[in-house]
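Participant: Provided herewith is a single structure, encoded as structure tokens, for subsequent inquiry.
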Amino acid sequence: KMWPSLQHGLSTVLGKGYTKSVSRAWRRLYSYICLQMKIGMDNPDLIVDIYDDLSES
């Protein structure tokens with residue numbers, strides 16, 4: 001699993017700035033990315049418009 005390596009790298013780079021709340025935020029982001037990758041692997045024909053959420057209102 002990649003999380004321990006990512007966590008170690010973040011801790012090394014951020015030092016004292018790598019607080020518990022920062023760790024939780026990164027873990028949530030990492031989990032979200034993993035979930036989206038799994039959805040993509042399970043549905044290879046799924047068409048996703050990555051610009052849907054980026055359009056200006």
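Participant: Add -39500 (n - 2.57) for each DSSP H run of 4 or more in the chain, then divide by its residues: what number comes out at 222 nm, to the nearest 500 deg cm²/dmol? Spell out each step's value before the answer.
Facilitator: Details: 2 runs with 35 residues, N = 57.
Rounded to the nearest 500, the figure is -20500 deg cm²/dmol.
Participant: Follow-up question, since we're still on this one. On full extension of the chain, what length is gained from ASP45 through ILE33, given 0.36 nm per residue of separation minus the C-alpha to C-alpha distance? Don't jump to the answer; show the numbers that get you there.
Facilitator: Numbers: separation 12, 0.36 × 12 = 4.32 nm, distance 1.84 nm.
Between ASP45 and ILE33, full extension yields 2.5 nm more.
Participant: Using the alpha-carbon atoms, what tilt in degrees (0 to 90, nearest 10) does helix 3-14 show relative to the longest principal axis of the chain?
Facilitator: Tilt of helix 3-14: around 60 degrees.
Participant: Mind listing the Cα extents of the chain along all three principal axes, in Å, largest one first?
Facilitator: 41, 33, 15
Participant: Return one number: the angle in degrees, 0 to 90 and rounded to the nearest 10, between the long axis of the Cα atoms of helix 20-42 and the longest principal axis of the Cα atoms of the chain.
Facilitator: Value to nearest ten degrees: 30.
Participant: In nm, to one decimal, how far is the LEU6 label point from the SER21 one, both placed 7 Å along Cα→Cβ?
Facilitator: Rounded to a tenth, the inter-label distance reads 2.1 nm.
Readers should treat all values here as calculations from the given coordinates under stated rules, not as data from a laboratory. No experiment lies behind these values; they were computed from the predicted model shown. With ideal geometry, Cβ positions are generated from the backbone for all residues, glycine too; neighbour counts draw on all protein chains shown.
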